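The values are calculated or read from the model by the stated rules, or taken from the named source; none is laboratory data. This is a predicted model, so every value here is computed, not measured. As a convention, Cβ positions derive from the backbone with ideal geometry for all residues, glycine included, and neighbour counts pool all protein chains shown. Ligands, DNA and RNA are excluded from the accessible area calculation, which covers all protein heavy atoms including side chains. Shrake-Rupley method; radii C 1.70, N 1.55, O 1.52, S 1.80 Å.
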Amino acid sequence: MSPSTALVVANVATVADIHQLMEKFCTIEEDSTSTAYSVEEAACEEHFSRTVARTPEGRYVVRLPFKEEVINQVSDNRRTAVRRFHLLQGRLIRNPDLHLQYKAFIDEYLDLGHMKHIHDYEDPEVQHYHLPHHAVIREESTTTKLRVVFDASCKTPNGPSLNDALMVEPTVQEDIRSITMRSLKHQFMVVADAKMMYRQVLVDPRDCRVQLIVWKPSPDHPMETYQLNTVTYGTASAPFLATRVLMQLADDEGQCFPLAVKALKKDVYVDDLFSGGSNAAEVIELQNQLDALLAKGGFQLRKWASNDEAVP
């Protein structure tokens, strides 16, 4: 009997330099990014470009991108907002620590001028919308554990919510995968996030009356009405308005900050920065330029971190 013959197959694979692979990946990602807008997205962009303004201090002021045929159907939902506040207050009473955190959040909103107390919300000549709000606890956060979420999807007696009346906005930043993968190419990587980014963008006073909330610090206080003065987390247009303002800031003030302009336009996802450079000196200059450029629009980067101790 002849011995059996075993077939042996050997496979060899070669892998190019990882940096070359990363560059190829990012080139494909960048080339595949579409700039074509839908009709509504184009209208939203045109609305922003036509209405954006700045204060003497440099802060940006935006108009909300309403769908005119829908916003006129949005009626006052104060009764719903009050009912939901009473549910919230019951939760706060049962949890004194949460109550203190929530009150501190509201007090900070007031102290920073991000909202103000109003008395004439019942004016029948002015359209109103109330944002119910509730607490979300983020245990993983290294800064603020409590986030107050405003519900702009709350339906009104006539049906539509505020979010129903806001146009679908275009995406003005690259996707998170492309940004983070590209950042890995840098020998010296740096990350940071923008402090209260949405709340650094003011909403035109003509649109703030659809950003009302009710609040009282304790059950024995009278119910008060407040107006939110800034781009508000929970509204459908907030991500577009805040990120589009960053792009506008780069265009308006970026002439002296070339490194910062490139980073703002290519290395930021919502309020998170993923960037870097080939050496520590370049990254430190990038940090300085970003701080200076963002300050011109009232923004501030915080929680800086790097993969190298040479970068502060």
> Out of all the residues in segment 93-118, which are among the β-branched types (Val, Ile, Thr) and more than 17 Å from Met196 (Cα to Cα)?
Replying inline: Ile93, Ile118
> Could you list, in sequence order, the residues of segment 137-158 that are out of contact with any helix residue (DSSP H, G or I) (no Cβ under 9 Å at 6 or more places or on another chain), loosely packed, with under 15 Cβ neighbours inside 10 Å and at pLDDT 90 or above?
Replying inline: Val149
> Within segment 164-186, can you find the residues that are in a helix (DSSP H, G or I), buried (at least 17 other Cβ atoms within 10 Å of the Cβ) and not aliphatic (A, V, I, L, M)?
Replying inline: Asp164, Ser178, Arg182, Ser183
> Which of the following residues is at pLDDT 95 or above, under 18 Å from Val149 (Cβ atoms) and not hydroxyl-bearing (Ser, Thr, Tyr): Leu293, Leu241?
Replying inline: Leu241
> Looking only at segment 144-166, which residues are of a type in the set (D, E, K, R) and under 15 Å from the mean Cα position of the chain (by Cα)?
Replying inline: Arg147
> Restricting attention to segment 43-53, does a residue exist that is open to solvent by 50 Å² or more (accessible area, probe 1.4 Å), of a type in the set (Ser, Thr, Tyr) and modelled with pLDDT of 95 or more?
Replying inline: yes
> Would you call Val201 of a type in the set (A, V, I, L, M, F, W, C) and more than 27 Å from His99 (Cα to Cα)?
Replying inline: yes
> Counting only residues that are of a type in the set (Gly, Ala, Ser) and under 17 Å from Ala242 (Cα atoms), which one in segment 261-303 is most open to solvent (accessible area, probe 1.4 Å)?
Replying inline: Ala295
> Within the bounds of segment 106-114, is there any residue that is at pLDDT 95 or above and exposed (fewer than 11 other Cβ atoms within 10 Å of the Cβ)?
Replying inline: yes
